[in-house]
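Encoded as structure tokens, the structure appears first; notes follow it.
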């Protein structure tokens, strides 16, 4: 998928953090998703596109307290806090209570590639919110994941969200085909 001449793209990585990625049960195809996200990071850097990484935190004293090891970015994720923007959020929507929208505007970004965890929560919510803010969102269909639940297995949940979000809220792209 090639960028349109008028597009400035950025990469948003949602909640790829220890407490989610290393949880029990583990995320569906976690190693593949991590590798796809790292490939996207490398291509974004080559193209000079901004990379943003969100960390979800909860209140002090909770398992997701801001200083908890569970909220740290997962080992092996090629995010570099010296060159990439790592920020904390407390809501499923990456834009609420953060400066993400302003950073994107300041960088002239109008198209946002979205990857990360968890498909049915923060990835879904952020995809829907991007449209409301006038951004074109591209969900990287093989670079987001979740875990099995009693109601639905993770593979089916990912496929469901790819199908449901595609069109009204996002366009889909595969990691290997997405260009910044």
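Mind checking which residues of the stretch 136-162 are over 13 Å from residue 121 (Cβ atoms), touching a helix residue (DSSP H, G or I) at 6+ places or on another chain (Cβ under 6 Å) and buried (at least 17 other Cβ atoms within 10 Å of the Cβ)?
Taking the stretch 136-162 and keeping what is over 13 Å from residue 121 (Cβ atoms), we get 136-143, 148, 150-153, 155-156, 159-160, 162.
From what's left, touching a helix residue (DSSP H, G or I) at 6+ places or on another chain (Cβ under 6 Å): 137, 139-143, 148.
Answer for the stretch 136-162, where residues must be over 13 Å from residue 121 (Cβ atoms), touching a helix residue (DSSP H, G or I) at 6+ places or on another chain (Cβ under 6 Å) and buried (at least 17 other Cβ atoms within 10 Å of the Cβ): 137, 139, 140, 141, 142, 143.
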Scanning the stretch 57-69 for residues that are modelled with pLDDT under 95 and either in contact with a strand residue (DSSP E or B) (Cβ under 7 Å, 6 or more places away or on another chain) or buried (at least 16 other Cβ atoms within 10 Å of the Cβ) (or both) gives 64, 66, 68
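Considering each of 137, 113, 81 in turn, give the residue that is at pLDDT below 95 and closer than 22 Å to residue 36 by Cβ.
Numbers: 137 fails: at pLDDT below 95; 113 fails: at pLDDT below 95.
Within the list 137, 113, 81, the selection yields 81.
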Could you figure out which of (1) more than 19 Å from residue 179 (Cβ to Cβ); (2) modelled with pLDDT of 95 or more; (3) more than 13 Å from the chain's Cα centre (by Cα) isn't true of residue 24?
-> (2)
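The values are calculated or read from the model by the stated rules, or taken from the named source; none is laboratory data. What you see is a predicted model, and the numbers here were worked out from it, not measured in a lab. Positions of Cβ are backbone-derived with ideal geometry, glycine not excepted, and every protein chain shown enters the neighbour counts.
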